[in-house]
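What follows is a set of notes on a single structure, which appears directly below.
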Ligand code: NDP
Ligand code: BG6
């Protein structure tokens, strides 16, 4: 049985809450995975009463829950809406937290504070909670990304939160860790024997991790222009995917066993020098172009973006790990907005066979673990083409998760919110992990702040600047889509 809870969402009228958090909680409720008495309390400045707030959430569910769009799941709507209440507060007003406390005090339930607000509001909220005595040992606090802008500010933020809460109460969210296929990566690697002997420098030539998006910056121009692709995606999502791919087998699925192994990966990342930053990182920004035949604006023409902005919307880099398993194997990480396709995937390129007995050229094997849009694992292998002679061709073996598991897939936020309510921190970043990730990226931020020129332009709807193909070509490989059959 799930335990009773009070989930307080600061920023409860914002984009993230409406697009992701309520839809995730709603679907969990429809599947009877929330305690019947559990409450969701949204806190923000707008003057709304409960009825107006519920109408707003209802409208969001109609838009953002695919099943609702198709007319299903309506039967649990009223039950879900009845859990919602609205609490108008300005987080900077310390007195208002006492009223919040009164409404939470009368209940015997797990209290969770979810900070779904810009990072500038973290300090006043943590201060207000502390001042009102709301930071009791039984509470939990969820911190949305970005957790700082650099190593110094992330350390400051961590000190601040750990002054009011203990580490075990703090849940630093990275929703990529909640994605089904990322979980499946653990199952694939550690629930089978056939891959593990090959999962190393002897057999793997390079690894490519891509998160390509077709969307631009949409309504978040102002936030994004002060953040950029590197802080928004590389420092967190891509590094977490790298950790899950490269880590040693943990001794168990205990939260710290998994996070200890992830931390070892972050600590093994080869530190940057000015030369390696120049040689191994490509920084791009989208220019005007076309997305599926529809003209698309340049980044600098987007709402909220400075016309002279030099913020990057694309990053590709080549990283290396200094450890026995991976020494010398390039890990190419890449992300971009307004790319040709929406695609998130991890590609393991294997080495060529040491000797060929065939006339046909042999294409090295590739394992492609796809996170989105669909979830699948595909192994590219060589096979004999039918007919006379020994002509070999590349073919693929497919595992389509939807085919084997047709039931509804849990969204990343749904899994992570349920984990917070249950007190399972495995898929959340520990302080030392966040610190190690920032430490590795800091030299890049320093270099870009002083030495780097403007980002290289690429057309909206393309696969990024040509320099990113040169990056992989130098390592004698090519991006997955440049090689796909
Ligand atoms: P929004 O700007 O859409 O929402 C901000 C929320 O904070 C609103 O509910 C706003 O309500 C509230 N707020 C702002 N100032 C105050 C204040 N002084 N007192 C009380 N409430 C306040 O931001 P997002 O929802 O997009 O983002 C929230 C967080 O989540 C950010 O840290 C962002 O980086 C992160 N994030 C967002 C993602 C997204 O897709 N949107 C994805 C991943 C992370 P009101 O104005 O009524 O007070
Ligand atoms: C968020 C970034 O963390 O992840 C966004 O802030 C990005 O810029 C989003 O669009 C991508 O998430 P997903 O799950 O849609 O791939």
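Scanning region 292-304 for residues that are assigned to a loop (DSSP other than H, G, I, E, B) and surrounded by 21 or more Cβ atoms within 10 Å (Cβ to Cβ) yields a count of 1.
Taken over region 141-180, the criterion of being within 16 Å of ligand 2 (Cβ to nearest atom) and without any contact (Cβ under 8 Å) to a residue 60 or more places away in the chain is satisfied by 143 alone.
Tell me whether region 414-425 contains one or more residues that are under 24 Å from residue 333 (Cβ atoms) and surrounded by 15 or more Cβ atoms within 10 Å (Cβ to Cβ). Yes: region 414-425 contains one or more residues that are under 24 Å from residue 333 (Cβ atoms) and surrounded by 15 or more Cβ atoms within 10 Å (Cβ to Cβ). Counting residues in region 114-122 that are away from ligand 2 (no atom under 16 Å from the Cβ), surrounded by 13 or more Cβ atoms within 10 Å (Cβ to Cβ) and under 29 Å from residue 31 (Cβ atoms) gives zero.
Does residue 183 satisfy the criteria of being surrounded by fewer than 23 Cβ atoms within 10 Å (Cβ to Cβ), under 18 Å from the mean Cα position of the chain (by Cα), in a helix (DSSP H, G or I) and more than 11 Å from ligand 2 (Cβ to nearest atom)? Taking the combined requirement at face value, the residue satisfies it.
Put simply, of 242, 238 the only residue that is away from ligand 1 (no atom under 16 Å from the Cβ) and either in a helix (DSSP H, G or I) or modelled with pLDDT under 95 (or both) is 242.
Return the only residue of 284, 216, 221 being assigned to a loop (DSSP other than H, G, I, E, B), touching a residue at least 60 places away in the same chain (Cβ under 8 Å), within 16 Å of ligand 2 (Cβ to nearest atom) and within 24 Å of residue 309 (Cβ to Cβ). Break it down stepwise before answering.
Numbers: 284 fails: assigned to a loop (DSSP other than H, G, I, E, B); 221 fails: assigned to a loop (DSSP other than H, G, I, E, B).
After ruling out the rest, the residue left standing is 216.
How many of the residues making up region 91-108 are in contact (Cβ under 8 Å) with a residue 40 or more places away in the chain, within 32 Å of the chain's Cα centre (by Cα) and in a helix (DSSP H, G or I)?
The first filter runs over region 91-108 and keeps only residues in contact (Cβ under 8 Å) with a residue 40 or more places away in the chain, leaving 91, 100, 103-104, 107-108.
Next, only the ones that are within 32 Å of the chain's Cα centre (by Cα) stay: 91, 100, 104.
Narrowing further to those that are in a helix (DSSP H, G or I): 100, 104.
Qualifying residue count for the region: 2.
Determine whether residue 380 is under 14 Å from residue 212 (Cα atoms), away from ligand 2 (no atom under 16 Å from the Cβ) and outside any loop (DSSP other than H, G, I, E, B).
Working: under 14 Å from residue 212 (Cα atoms): no; away from ligand 2 (no atom under 16 Å from the Cβ): yes; outside any loop (DSSP other than H, G, I, E, B): yes.
No, not satisfied.
When residue 159 is tested against the conditions (1) at pLDDT below 95; (2) out of contact with any helix residue (DSSP H, G or I) (no Cβ under 8 Å at 6 or more places or on another chain), the lone failure is (1). Within region 337-368, the set of residues being out of contact with any helix residue (DSSP H, G or I) (no Cβ under 6 Å at 6 or more places or on another chain), within 29 Å of residue 264 (Cβ to Cβ) and within 16 Å of ligand 2 (Cβ to nearest atom) comprises 343, 344, 345.
For (1) modelled with pLDDT under 95; (2) within 19 Å of residue 453 (Cα to Cα); (3) not in a strand (DSSP E or B), each residue gets a yes or a no:
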{"residue": "257", "(1), (2), (3)": "no, no, yes"}
{"residue": "262", "(1), (2), (3)": "no, no, yes"}
{"residue": "271", "(1), (2), (3)": "no, no, yes"}
{"residue": "277", "(1), (2), (3)": "no, yes, yes"}
{"residue": "290", "(1), (2), (3)": "no, no, no"}
{"residue": "316", "(1), (2), (3)": "no, yes, no"}
{"residue": "325", "(1), (2), (3)": "no, no, yes"}
{"residue": "328", "(1), (2), (3)": "no, no, yes"}
{"residue": "335", "(1), (2), (3)": "no, no, no"}
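Among the residues here, residue 245 does not qualify as within 22 Å of the chain's Cα centre (by Cα), touching a residue at least 24 places away in the same chain (Cβ under 8 Å), within 16 Å of ligand 2 (Cβ to nearest atom) and closer than 27 Å to residue 345 by Cβ.
When the residues of region 42-80 are narrowed to those that are surrounded by 17 or more Cβ atoms within 10 Å (Cβ to Cβ), part of a helix (DSSP H, G or I) and within 28 Å of the chain's Cα centre (by Cα), which ends up nearest to ligand 2 (Cβ to nearest atom)?
As a first pass, look at region 42-80 and keep what is surrounded by 17 or more Cβ atoms within 10 Å (Cβ to Cβ): 42-44, 48, 53-54, 56-58, 60-61, 65, 68, 73, 77, 80.
From the residues that got through so far, the ones that are part of a helix (DSSP H, G or I) too are 53-54, 56-58, 60-61, 68, 77, 80.
Subset that is within 28 Å of the chain's Cα centre (by Cα): 56-58, 60-61, 68, 80.
On the way: 56: 22, 57: 21, 58: 23, 60: 17, 61: 18, 68: 19, 80: 23 Å.
If we take residues in region 42-80 being surrounded by 17 or more Cβ atoms within 10 Å (Cβ to Cβ), part of a helix (DSSP H, G or I) and within 28 Å of the chain's Cα centre (by Cα), then 60 is nearest to ligand 2 (Cβ to nearest atom).
Does region 124-152 hold any residues that are part of a helix (DSSP H, G or I) and away from ligand 1 (no atom under 12 Å from the Cβ), and which are they?
126, 127, 129, 130, 131, 151, 152
Listed by first and then second residue, the pairs with beta-carbon distance under 8 Å, at least 6 apart or on different chains, first residue in region 10-33 and closer than 17 Å to residue 120 by Cα and modelled with pLDDT under 95, second assigned to a helix (DSSP H, G or I) and within 16 Å of ligand 1 (Cβ to nearest atom), are 15/219; 15/220.
So which residues in region 198-213 are near ligand 2 (Cβ under 10 Å from one of its atoms) and not in a strand (DSSP E or B), if there are any at all? Correct list: 213 only.
Among the residues of region 12-30, those that are crowded, with 22+ Cβ neighbours inside 10 Å and touching a strand residue (DSSP E or B) at 6+ places or on another chain (Cβ under 7 Å) comprise 12, 17, 21, 25.
Kindly indicate whether residue 222 is at pLDDT below 95, within 16 Å of ligand 1 (Cβ to nearest atom) and closer than 23 Å to residue 441 by Cα.
Numbers: at pLDDT below 95: yes; within 16 Å of ligand 1 (Cβ to nearest atom): yes; closer than 23 Å to residue 441 by Cα: yes.
For residue 222, the condition - at pLDDT below 95, within 16 Å of ligand 1 (Cβ to nearest atom) and closer than 23 Å to residue 441 by Cα - is met.
How many residues does region 444-458 contain that are in contact (Cβ under 8 Å) with a residue 40 or more places away in the chain and farther than 15 Å from residue 213 by Cβ? Steps first, answer last, please.
The first filter runs over region 444-458 and keeps only residues in contact (Cβ under 8 Å) with a residue 40 or more places away in the chain, leaving 444-445, 447-448, 451-452, 454-458.
Narrowing the set further to residues that are farther than 15 Å from residue 213 by Cβ leaves 444-445, 447-448, 451-452, 454-457.
Qualifying residue count for the region: 10.
For region 373-395, the set of residues classified as touching a helix residue (DSSP H, G or I) at 6+ places or on another chain (Cβ under 8 Å) and surrounded by 15 or more Cβ atoms within 10 Å (Cβ to Cβ) consists of 375, 376, 377, listed by residue number.
The values are calculated or read from the model by the stated rules, or taken from the named source; none is laboratory data. Quantities reported herein were computed from a predicted structural model and do not represent experimental measurements. Every residue, glycine as well, gets a Cβ built from its backbone with ideal geometry; the counts of neighbours run over all protein chains shown.
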